[in-house]
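Reviewing the structure listed below.
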Amino acid sequence: MEHSDTNTSASIKKHQAELKQDSWPGPKGMIPVTSGKADDANVHNRAYLDNILVEMRIIDAVKPDLTTEIFGRKYASPLTLAAVSHLNQVLADTSRQPMQEKAAAAKKLQVLNWIGMEPDDEYAEIVAAGGDTVRIIKPFADHERILAEIAFAQDRGAVAVGMDIDHVPGEDGNYDVVDGIPMGPITQADLARYAAYSKVPFVAKGVLSVRDALKAWKAGCSAIVVSHHHGRIPFGVPPLKVLPDIKQALAGSGMTIFVDGSLMSGYDAYKALALGADAVLIGRGILPELLDQGQAGVEDKIKRMNQELAQLMLYTGVKDTQDFDPKVLHFN
């Protein structure tokens, strides 16, 4: 244990040093900036990821197939483009539309795209530029608004809809307020209502415990995203740390399990998939490329991440995305 604590401490200090050198990304209030302090869950995410090591299983290994089935549809990779919001308001160059660029990149890459909080008219413009999309809705205090956004997304071909359940609390201990819109509590009965209303799979995003995973399943959700939404909860447990227990608890349920949280490379994605995720969300891992280079930057980054993922799968004898074995991982 002493050796593990030393490694973890070193990883945290390294991450904090990197943050001092580069506080990207972006405008405060638009894109959250990692603080590097002890209560910043992202620091613990990174430290946890960096201390998972991989053994080699090279004999009889073959080039892997990254094809992944999600919600009954085939995609080129288990890497999906995470739900971001409002990026069209970030750049000084107002001719750029990063949200549409990201959607177009997902379509070209043949991967699933997620879209966060956008007004209906802007959401419609974004999905028109892309392919298969999951719309993530906030836990609005006005539940009729939630139902209306579900219906709007369905009418525009969303393959799934879902909710950021971790956006209920605000920083002041009250219910959150986003873009001037009040959020409210979400009960299991509320989730059941939304899941039953939706004609496409419903996703609970922001699950960070076996308890919430089981409640989402009992409510009729088709999928969860194991996540703390880039460190919304202070001292949040790393998603990959709770993922195996959630996977075990949902065994046989038919639930699709996504995960996110500091997945910056194909190697990080490999660890998440080996620990039980069916697919992963890549958000901050593509933000610099998206804002700097647009669609082409995202395509290049995801292609590189796919190469890293395939490389590690080949090193460990994983032939396809159904063949991961958590026993290949060692916790330092």
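Among residues of the range 91-111 being under 17 Å from ASP300 (Cα atoms) and of a type in the set (S, T, N, Q), the one that is surrounded by the most Cβ atoms within 10 Å (Cβ to Cβ) is GLN100. Of all the residues in the range 240-255, those that are crowded, with 20+ Cβ neighbours inside 10 Å and either farther than 19 Å from ASP325 by Cβ or among the hydroxyl-bearing types (Ser, Thr, Tyr) (or both) number 2. Candidates VAL200, VAL237: the one that is surrounded by fewer than 20 Cβ atoms within 10 Å (Cβ to Cβ), farther than 30 Å from GLN154 by Cα, touching a residue at least 24 places away in the same chain (Cβ under 8 Å) and out of contact with any Phe, Trp or Tyr (no Cβ under 6 Å at 6 or more places or on another chain) is VAL237.
Name the one entry in GLU308, GLU289 that is surrounded by fewer than 23 Cβ atoms within 10 Å (Cβ to Cβ), of a type outside the set (Gly, Ala, Ser), in contact with a Lys or Arg (Cβ under 9 Å, 6 or more places away or on another chain) and over 21 Å from ILE136 (Cβ atoms). That would be GLU289, the only listed residue that is surrounded by fewer than 23 Cβ atoms within 10 Å (Cβ to Cβ), of a type outside the set (Gly, Ala, Ser), in contact with a Lys or Arg (Cβ under 9 Å, 6 or more places away or on another chain) and over 21 Å from ILE136 (Cβ atoms). Would you check which residues across the range 147-188 are buried (at least 16 other Cβ atoms within 10 Å of the Cβ), farther than 13 Å from GLY116 by Cα and either among the β-branched types (Val, Ile, Thr) or touching a Cys at 6+ places or on another chain (Cβ under 8 Å) (or both) and list them? Those that are buried (at least 16 other Cβ atoms within 10 Å of the Cβ), farther than 13 Å from GLY116 by Cα and either among the β-branched types (Val, Ile, Thr) or touching a Cys at 6+ places or on another chain (Cβ under 8 Å) (or both): VAL159, VAL168, ILE186.
Part of a loop (DSSP other than H, G, I, E, B), modelled with pLDDT under 95 and surrounded by fewer than 21 Cβ atoms within 10 Å (Cβ to Cβ) - does that describe any residue in the range 77-87?
Applying the first criterion (part of a loop (DSSP other than H, G, I, E, B)) to the range 77-87 yields 77-78, 85-86.
Then drop every residue that is not modelled with pLDDT under 95, which leaves 85-86.
Remaining after also requiring surrounded by fewer than 21 Cβ atoms within 10 Å (Cβ to Cβ): 85-86.
Looking for residues that are part of a loop (DSSP other than H, G, I, E, B), modelled with pLDDT under 95 and surrounded by fewer than 21 Cβ atoms within 10 Å (Cβ to Cβ), one finds at least one in the range 77-87, hence yes.
Given the residues MET313, MET305, MET255, which is the only one that is within 17 Å of LEU49 (Cβ to Cβ) and at pLDDT 95 or above? Explain how you work it out, then say what you get.
On the way: MET313 fails: within 17 Å of LEU49 (Cβ to Cβ); MET255 fails: within 17 Å of LEU49 (Cβ to Cβ).
Selected residue: MET305, the only one of MET313, MET305, MET255 that is within 17 Å of LEU49 (Cβ to Cβ) and at pLDDT 95 or above.
For the range 36-75, the candidate set comprises residues that are part of a loop (DSSP other than H, G, I, E, B) and within 19 Å of the chain's Cα centre (by Cα); within that set, the residue that is farthest from VAL134 (Cα to Cα) is ASP40.
Residue-wise test of (1) acidic (Asp, Glu); (2) at pLDDT below 95; (3) farther than 30 Å from PRO234 by Cα.
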site: GLN97; (1), (2), (3): no, no, yes
site: GLN110; (1), (2), (3): no, no, yes
site: ASP121; (1), (2), (3): yes, no, yes
site: ARG145; (1), (2), (3): no, no, no
site: GLU171; (1), (2), (3): yes, yes, no
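Somewhere in the range 291-299, is a residue free of Cβ contacts under 8 Å to residues at least 24 places away in the same chain and in a loop (DSSP other than H, G, I, E, B)? So far as the range 291-299 goes, no, none of its residues is free of Cβ contacts under 8 Å to residues at least 24 places away in the same chain and in a loop (DSSP other than H, G, I, E, B).
Can you find a residue in the range 313-320 that is assigned to a strand (DSSP E or B), touching a Pro at 6+ places or on another chain (Cβ under 8 Å), of a type in the set (D, E, K, R) and surrounded by fewer than 23 Cβ atoms within 10 Å (Cβ to Cβ)? Before the answer, list the steps.
To start, the set of residues in the range 313-320 that are assigned to a strand (DSSP E or B) comprises 320.
Still in the running and touching a Pro at 6+ places or on another chain (Cβ under 8 Å): 320.
Now narrow it down to the ones that are of a type in the set (D, E, K, R): 320.
Those left that are additionally surrounded by fewer than 23 Cβ atoms within 10 Å (Cβ to Cβ): 320.
Within the range 313-320 (the criterion being assigned to a strand (DSSP E or B), touching a Pro at 6+ places or on another chain (Cβ under 8 Å), of a type in the set (D, E, K, R) and surrounded by fewer than 23 Cβ atoms within 10 Å (Cβ to Cβ)), the answer is yes, since at least one residue qualifies.
The values are calculated or read from the model by the stated rules, or taken from the named source; none is laboratory data. Small disclaimer: the values here were computed from a predicted structure and weren't measured. Positions of Cβ are backbone-derived with ideal geometry, glycine not excepted, and every protein chain shown enters the neighbour counts.
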